[in-house]
Amino acid sequence: MATLLSSTSSFDYYNHSLHFLFSPSKLHCPRILVSKLPGLRFRVSSPSKSRVFCESKTQKGQIRRCSPLLEKASLPSNGALASDEWKAVPDIWRSSAEKHGDRVAVVDPYHDPPSTMTYKQLEQEILDFTEGLRVIGVNPEEKVALFADNSCRWLVADQGMMAMGAINVVRGSRSAVEELLHIYNHSESVGLVVDNPEFFNRLSGTFSSKATMRFLVLLWGEKACLSSGETHGVPIFSYKEIIELGRESRVAHIDSHDARQGCKYEIIGSDDIATIVYTSGTTGNPKGVMLTHKNLLHQIENLWDVVPTEAGDRFLSMLPTWHVYERACEYFTFTHGIEQVYTTVRNLKDDLRHYQPQYLISVPLVYETLYRYVLRISSMLINHLRLS
């Protein structure tokens with residue numbers, strides 16, 4: 001395949017316009033966009049210019065909804081929409097990056113690849129994912145299903161969706177397929193973000209025939225591991241592809257006056273819906289609970305009275321991160337510069353010993369199990385000392 005020789009490349013989602021510099025003898029437009037974004041047409045300028053344009057019929061003037069503090073730098077220069085206060089949950093990342101930029105924010109040791117990010121890196125990753133969703137056509141107020149378990153990429157996806165005004169619909173991978181299908185359809189989700197190919201392969205037979213998906217995003221793993229023929233033409237993106245598309249589009253947006261003028265800016269309001277969390281469904285089908293940004297920000301702003309964290313404290317994340325209890329606590333601790341380490345039930349005991357965290361957010365059953373474990377080990381040590 002010919003190689004693209006490019007010193008400048010951009011994708012403008014406002015009118016779906018791509019610009020690539022290329023060698024006259026070597027031209028390759030990225031397969032990600034050519035194969036997955038509908039309605040593209042291509043035009044090559046004069047040979048001396050060596051530039052190719054890929055355009056769609058999408059009109060300018062699309063709405064760009066933003067978290068006013070997180071995306072303050074990309075808002076119109078008159079400052080009318082920018083804010084120094086938290087209006088939406090993702091605004092916390094601008095504040096945390098300014099205060100704790102080079103501190104480690106997340107450690108995710110059990111995924112492939114293992115990941116560690118500072119607060120600055122995490123903020124940029126969220127901004128890239130936010131823009132990547134805009135690039136693939138997600139609109140403000142649309143629902144996007146996020147069916148995945150604890151990981152740093154779950155956090156990025158969750159905050160990326162909120163930051164561009166979409167509403168995420170969350171659930172873990174252990175739920176029954178029919179339950180997940182009900183949640184997806186009942187919420188009127190337009191796309192699906194899942195943990196990995198193995199998990200989607202479990203869903204695919206049911207979802208391909210009973211759900212309408214505009215796109216699929218894999219947080220972890222390779223697309224080659226997906227079962228063949230189960231997606232029926234649904235565009236599939238890896239996490240890295242969304243990040244790459246978002247990064248290129250952000251650069252283009254900052255550099256292009258036309259791009260900034262070609263859209264309508266709106267800010268996310270505190271009363272806008274941020275997420276829909278479904279109940280357990282023990283007495284019937286799960287029911288969706290709509291939480292606004294204000295709901296979550298209230299927890300973030302007031303939990304310090306209960307949990308007085310300090311910058312550099314370490315927090316082990318084990319409960320399902322989509323549970324509102326764990327979720328609100330995580331958002332809160334990130335505003336104070338903590339280091340969050342993702343663990344699992346299987347690795348909890350070893351990680352408590354290895355990372356020696358200051359905080360573990362959990363439920364009574366976990367503490368009771370740990371207490372019995374400590375008593376058993378203590379009893380064994382006492383008996384050993386007596387015998388010796």
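The values are calculated or read from the model by the stated rules, or taken from the named source; none is laboratory data. Remember, predicted model here, so these are calculated numbers, not experimental data. So basically every Cβ, Gly included, is an ideal-geometry build from the backbone, and we count neighbours across all protein chains shown. Only protein heavy atoms, including side chains, enter the accessible area calculation; ligands, DNA and RNA are left aside. Shrake-Rupley method; radii C 1.70, N 1.55, O 1.52, S 1.80 Å.
General remarks:
- In this structure, the amide hydrogen of residue 117, modeled 1.01 Å from its nitrogen in the peptide plane, lies closer than 5 angstrom to those of 105, 106, counting only residues at least 5 positions away or on a different chain.
- Amide H within-cut-off set for residue 287, under 5 Å, with H built and near neighbours excluded: 279, 281
- In a reduced charge model with +1 at each Lys and Arg Cβ and -1 at each Asp and Glu Cβ, segment 197-330 shows a dipole moment near 520 debye about its Cα centre.
- Under the Karplus curve 6.51 cos²θ - 1.76 cosθ + 1.60, θ = phi - 60°, whole-Hz ³J(HN,Hα) for segment 96-101, x wherever Gly or Pro sits: 5, 5, 5, 7, 10, x
- The convex hull defined by the C-alpha atoms of segment 283-388 has an orientation-averaged projected area of 9.7 nm².
- In sequence order, segment 375-387 has phi-based couplings of 4, 5, 5, 4, 4, 5, 5, 5, 5, 5, 5, 5, 6 Hz under the Karplus curve 6.51 cos²θ - 1.76 cosθ + 1.60, θ = phi - 60°, and Gly or Pro positions carry x.
- Note that segment 299-388 presents 60 Å² accessible area per residue, ligands and nucleic acids not counted, probe 1.4 Å.
- Proximity of backbone amide H atoms, modeled 1.01 Å from N, is registered between residue 267 and 66 at under 5 Å, excluding neighbours fewer than 5 places apart on the same chain.
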